Every structure is written in structure tokens, then in C-alpha cells.
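The values are calculated or read from the model by the stated rules, or taken from the named source; none is laboratory data. Treat the numbers as computed from the prediction; the structure is a model and nothing was measured. A quick note on method: Cβ atoms are made from the backbone with ideal geometry, for glycine too, and the neighbour counts reach across all protein chains shown. For the accessible areas, the whole protein counts, side chains as well, though only heavy atoms, and no ligand, DNA or RNA atoms are used. Shrake-Rupley method; radii C 1.70, N 1.55, O 1.52, S 1.80 Å.
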Amino acid sequence: MLNTSITVISESIVLAFVLFHLLQWLTQKSDEPLAVENAIPFIGPVVQMLRCKSQFHLRMRNKYGLPVHTLRLPWIRIYVLNELSLITAAQKQHHILSFGPIMGQAIGKIAGTSDATNKAIIKDALTDDGFLLGFNKAIHHTMAPGPSLDMLTRRAASTFLDLIDELKNSTTRTYKVSLSAWMRSTILRGTTDAVYGPRNPFRDPAIETAWYAFEPGVTRLAMRFIPSFATKKTRQARQVLVRSFTSYFSLGCPEEASDFMKARYNHIIRHQITNVQDIAKLEVAGAFSIITNSAPTAFWLLYHIFSDKSLLADCRLELDSLVHERDGMCYLNIGAIKTSCPTLHSTLHEVMRYYGVAQSLRAVLKDHKLENTHLLRKDSLVMMPATVQHFDPSIWGFEASQFNHKRFTKSSSDGAGYEFDSKTCNRGGFRGFGGGLHLCPGRHFAVDEILTFAALIVLRFDIEPTGNEGWPVIHTDTLSSKGSAIIIPDNDLEVILCPREDKKWAISSITPS
Ligand code: HEM
């Protein structure tokens, strides 16, 4: 009896294996990019993805060395673009290789909005005037260098100063904190105070806690085949957040909110979404891109600076020249950090290169031959993983896999601060903020607020891990795939913050020196 069962099971497996191979062979056209990891069709790529996590795409590029390859998954095919020239070509075809349908499907599910609002979201989803693709145009002026951006940075800086002072008001001389958790909370408050103004819902600790319950489940909410019991906690947390944002928007967008928030709100209203609950839901979903990436980026930045004494000394030397002392108060010129602190600025970019895992997914709307060579078929996905570009020796040199905080210290030819040496680095190879039409509109603010936060900590504190082991290696294997563009550290790090001097601090200027 047992033998018969084993035989039946074995035969079924062999039959399924043969059928899968046949199916894959029949449905893969010869001018499509080669399907990889297909020894066990459809299952093989999934197993490798689960095994390799954030390293998956890099390993596939290293193993197969193809400019583009296909991943045949049970429900879809994904074309992974490995060669930079193909990414540039794909970004030019944004009406055929579009983010619109992906956002259109995901936002309604993440936000839990009504059918009427979902219809308004996907109306004209593929045109630049629709809700989805028109968004960047509507908010662009509020995030580009100028007074609105300066105000955002100034507000974030002011909250950082308050929260650091709160820490200093405790009774002890040194402060023991879990670095990642403390930074996550401080940067979340700084970012959201800047965006939402004095009525920022995240000032309520219960809302901050609800966010931490909501954020890790966001990608699962967006997926099609996840049963609702698996997202129960995320949806419960979402309810708490939505209640709070409903009250925030009860009389329209608050006057004291940032220009960015006002532009975002007006864009929603212009697209006939007027139900206040749905506006709140859209904001909860939209807050993901505002909040998620700055804290892990800042964590890795401080980790590298404080674990390398000579880098710390260089950063302090650069920053000292931006501090002016008057009547016992230290004023930091935050507007000059980007242009006057090449080492700090370069370290931030290197952090984003080294830990950047953005995937930049696009939907193929009709059959298209990329560069007249690679057939991309309708209803498939295109992916442009940052990891592949960020570790490509042909872009970054033979030591591409090493963390080198000086990598970005050469002056750029356009004089806009310390960026890439155009002779040795290719700007397009840096995908920390994505690229093309969907290049992160919050990038200037993100850089400004992270540099400001890091400057305040570097100038005011020494940091040492507790215990006598020095700075440990932080692993990044388990939590890295939660939809963030920067790898999240697996474990936190308990540290002692020790003030260097007992002085008062303020922000002096937003203009470059
Ligand atoms: C270090 C911090 C940040 C990183 C690493 C980051 C990264 C990214 C990346 C990689 C994308 C493009 C995704 C794609 O190509 O599909 C993106 C999009 C976006 N980011 Fe950021 N971001 C950061 C901070 C911010 C901040 C602070 C804001 C707003 C205040 C923001 C707002 C957005 C928005 C609205 C989009 C969507 C743009 C679109 O769909 O066209 N980001 N971000």
C-alpha cells in the first residue's frame, strides 16, 4: 500500500515536472530574454528569491552574466534589466513600460479606499494628467530646491534639535539607546513634523506605534494572493492611522501644513476624491514613501561614521567650519552641509549605493522590442534592481563590492556640490533614488534632513556600543525585503551617546555658504 502511494506520488512529480518544462518551452518566445533558474520551471526562481533575499538579483547577474534575463514565476514573467544602457532605454519608454498600472492596483489595496475612489485613482492611469502619473508634476515645485524645500528642512531640523535636547534633559550624563529604534523614532518625527506641520498626527505616541505595526505589512497588503487573515494586524493598525488622519483633514488641509502636503491634498481634490476618510486613507498609504527610507539610510550613515575613527575626525573637521558660536549658543549652518562637507556627503551616497535595494518595477503594456532586440511581452513586468547596478565593476571599478566612503568625493563637472567623477563613475549607475519619470521627488529633502541629523549627532556626541566588543557587524539577511529602497538592519545596536560638550545648539541658515 505504502509502496503504491510512493510510486503514485513519484510519478505525479515526474509528470508535473515534464508538463512544466513543456509549458515553459511552448510559452517562451525565442526573441524573449533567456529564462534563468529554470531547472525546475516556475518554482526554481521562487526558491532562489526566498534563499538569496536582497542579494538575489546580484547573484543572478553574476551567475548568468546576461544584459537582461527572464524570471518565469508561477503567475507572471519578470524581465530583469542588468545592463545600464537597457535601463536608460526602458526609462524612455515610460508609456509602454509604465508604473501606472502597478500603482493603480497597489494603492487601493494598501489604502483600503472605496470603489468610487479606486475608480478615480485608475481613471486615465496611463496619461500624465491622471491621478497617478500626474502626481509628480503636481508636487514637483514643492520638493525642488527653493523656499518650500528649505522650510521642510528647517522644520525637520527644529524637531531634531528638540528631540536631542529631550534626550539630554534626562538625569544621567550619558544616554543608553537602541540606536536603530531611537533614530527611527526621531527621524519619523522630524520628517512628519516637516510635512504635516504642528498638527502632525505622528506626535501622538499611539499613532507612531500604529505606524510600526502597519509599515512592515504594506507590501503584503498590495499582493493579490495573500489571504485576509495574514494581513489582519496591518489592517487593524491602518484603521488607527486612518482615524487620526481623518481628524487631521476634517477641515481640509491644515493651513500650517507644508507646501508639499498642500499640493498633494489639492491634487487629490482635483481628481474628485472628496470623501475625507478616503483622503485620510490615501495619505496613510502615501506616507510609506515619505517615511520608510530615511531612517535606515541615516542609521547606516552613523554606523559607518562612528565605527571609523578617521572618517569621524574628517566629518567633524568639515562640520566645525559651519558652526558659529555666539553668547554660549552654537549655530549650525545647515544650508552649507551639502556643499562644504564632501566627506560626509560622499559617505551618504556610498551608504545609498551599498545598501540600496530599490527594484523599480514597471508593467509592460504592449509587446515591445527593447533596443530592437529583446522582446518584452504584454502583461509582464520589467524590473531594474539597484543592487545589480550598484555592484557592477564596469561602473564602479574592481572594488565595487567594498564600502568606500570617499567614492563620491570628486567635484562634479556641473559644480553642483561633490558628486560623481564623470571620468570614473557613471551617474546613471547610481539608483539609490530610482530613475527616469519616477525618480524620487523627495530626494533633496531626504538628503538635506539626513545630513542635518547626522551633522547634529556627529558634532554633539561620541557614540560607543555597549560592552567591550567594539562596533559589531550588523546583519542584513532577514528584514531586507519589506518594500523599502534601503536595506533595514536585522538587529538593533545598543549604544552609549556621550555629549562632547554642554552647549546649546540652534540652526543658523539654510543658504549655502
Ligand atoms: C533616503 C530616503 C529615500 C530613498 C532612498 C527613496 C527612494 C525612492 C525610490 C528608489 C523611488 C523610486 C521607486 C521606483 O523607481 O519605482 C522613490 C519614489 C518616491 N519617493 Fe522616495 N526615497 C526617499 C525619501 C523620500 C522622501 C523623504 C519623500 C517625501 C517627502 C519621498 C517621496 C517619494 C515619492 C512620492 C515617490 C514616488 C514617485 C513616483 O511614483 O513617481 N521619498 N523614492
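Details
- A compact globular protein would have a Cα radius of gyration near 2.2 N^0.38 Å; the ratio found for the chain is 1.03.
- Heavy-atom surface analysis with a 1.4 Å probe gives the chain a carbon and sulfur content of 56 percent of its accessible area.
- Residue by residue, the stretch 487-501 carries 3J(HN,Hα) couplings of 4, 9, x, 5, 10, 7, 9, 7, 9, 9, 9, 10, x, 7, 8 Hz when phi is fed to the Karplus relation 6.51 cos²θ - 1.76 cosθ + 1.60 (θ = phi - 60°); x denotes Gly or Pro.
- Of all DSSP beta bridges confined to the chain, the antiparallel ones make up roughly 75%.
- Taking all protein chains into account, the per residue accessible area for the chain stands at 47 Å² (1.4 Å probe).
- FRET efficiency for E256 and D162, using Cβ-Cβ distance with R0 set to 25 Å, rounded to 0.05: 0.90
- Three-way shape call for the stretch 452-508 based on the alpha-carbon gyration tensor, with the a/c threshold at 1.5: oblate
- Entry note, the chain: relative contact order of 21 percent, from Cα contacts under 8 Å with a spacing of 6+ residues.
- For the pair I269 and R59, the difference between a 0.36 nm per residue extended length and the Cα-Cα distance amounts to 71.1 nm.
- Model label points for R500 and E464, set 7 angstrom from Cα along the Cα-to-Cβ axis, are 1.6 nm apart.
- Here the gap between N404 and V8, fully extended at 0.36 nm per residue and compared with their Cα-Cα distance, gives a gain of 136.9 nm.
- Residues whose placed amide H lies under 5 Å from that of I486, excluding near-sequence neighbours: V357
- For W505, the residues whose amide H sits under 5 Å from its own are C330, ignoring neighbours fewer than 5 places away on the same chain, with H placed 1.01 Å from N.
- All C-alpha pair distances within the stretch 92-188, sorted into 5 Å bins from zero, spread as 2, 11, 13, 12, 10, 11, 13, 11, 7, 5, 3, 1, 0 percent across the bins.
- Calculated log₁₀ intensity ratio I(q)/I(0) where the Debye formula runs over C-alpha points of the stretch 196-263, q = 0.17, 0.18 Å⁻¹: -0.69, -0.74
- Here, the stretch 1-94 is characterised by an Rg to Rh ratio of 1.11, where Rg is the alpha-carbon radius of gyration and Rh the Kirkwood radius.
- Put I474, I269 in order of accessible area, highest first, and with a 1.4 Å probe you get I269, I474.
- Here the Karplus curve 6.51 cos²θ - 1.76 cosθ + 1.60, taken at θ = phi - 60°, turns the phi angles of the stretch 127-139 into couplings of 10, 5, 9, x, 4, 6, 7, x, 4, 4, 4, 5, 9 Hz, with x standing for Gly and Pro.
- Panel values: the stretch 111-269, Kirkwood radius from alpha carbon pairs, Stokes-Einstein at 10 °C and 1.306 mPa s, translational diffusion coefficient 88 µm²/s.
- Taking 0.36 nm per residue of separation and subtracting the current Cα-Cα distance, fully stretching the chain between E371 and L439 would add 22.3 nm.
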